[in-house]
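Chemist: After the structure tokens below, expect a handful of questions from me.
The values are calculated or read from the model by the stated rules, or taken from the named source; none is laboratory data. Since this is a predicted model, take the numbers as computed values, not measurements. Cβ placement follows ideal geometry from the backbone for every residue including glycine, while neighbour counts extend to all protein chains displayed.
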Amino acid sequence: MQMKQNMTDREYLDDVLLTSKTMSELYHFAVQESSTENVHCNFKNILNDALDMQHQIFCVMEQKGWYAPAEAPQPQIEQVKQKFQ
């Protein structure tokens, strides 16, 4: 089996974005499970930084046309709206 040697910019950013999402989940869990105010605040700050980085990566990928969130169909939007009314 031959391994690919180099990643494209898109593959690299895909990987960084996925890693960022995973780290955000872990930091979120750490915030919830913090036992002291100091630890809670520190993890919350780290989580916010991770979310900001994740958004920046998303924006770069979206500008390059590498990440385009799918739009929900209008009937699905209406169904969700009705559910929460």
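Chemist: Filter segment 15-46 down to residues that are over 11 Å from the mean Cα position of the chain (by Cα), touching a residue at least 12 places away in the same chain (Cβ under 8 Å) and closer than 24 Å to residue 62 by Cβ, then give me how many there are. Spell out the reasoning first.
Modeler: If we filter segment 15-46 for residues that are over 11 Å from the mean Cα position of the chain (by Cα), which is where we start, we get 15, 26-46.
Filter once more, keeping what is touching a residue at least 12 places away in the same chain (Cβ under 8 Å): 27-28, 30-31, 43-44, 46.
Okay, now just the ones that are also closer than 24 Å to residue 62 by Cβ, so 27-28.
Going through segment 15-46 one residue at a time, the tally reaches 2.
Chemist: Would you say residue 70 is at pLDDT 95 or above and among the small types (Gly, Ala, Ser)? Walk me through it before giving the result.
Modeler: Values: at pLDDT 95 or above: no; among the small types (Gly, Ala, Ser): yes.
Judged against the criteria, residue 70 is not a match.
Chemist: Collect the residues in segment 47-63 that are without any contact (Cβ under 8 Å) to a residue 24 or more places away in the chain, surrounded by 14 or more Cβ atoms within 10 Å (Cβ to Cβ) and closer than 15 Å to residue 10 by Cα, keeping them in residue-number order. Steps first, answer last, please.
Modeler: Initial filter on segment 47-63 (without any contact (Cβ under 8 Å) to a residue 24 or more places away in the chain): 47-49, 52, 55-56, 59, 62-63.
Checking which are surrounded by 14 or more Cβ atoms within 10 Å (Cβ to Cβ) leaves us with 47.
Passing the criteria: none in range.
Chemist: Assuming residue 66 fulfils every condition listed in (1) assigned to a helix (DSSP H, G or I); (2) surrounded by 15 or more Cβ atoms within 10 Å (Cβ to Cβ); (3) not basic (Lys, Arg) apart from one, which condition is it?
Modeler: Every listed condition holds for residue 66 apart from (1).
Chemist: Given the structure, is residue 79 part of a helix (DSSP H, G or I), surrounded by 10 or more Cβ atoms within 10 Å (Cβ to Cβ) and more than 16 Å from the chain's Cα centre (by Cα)?
Modeler: yes
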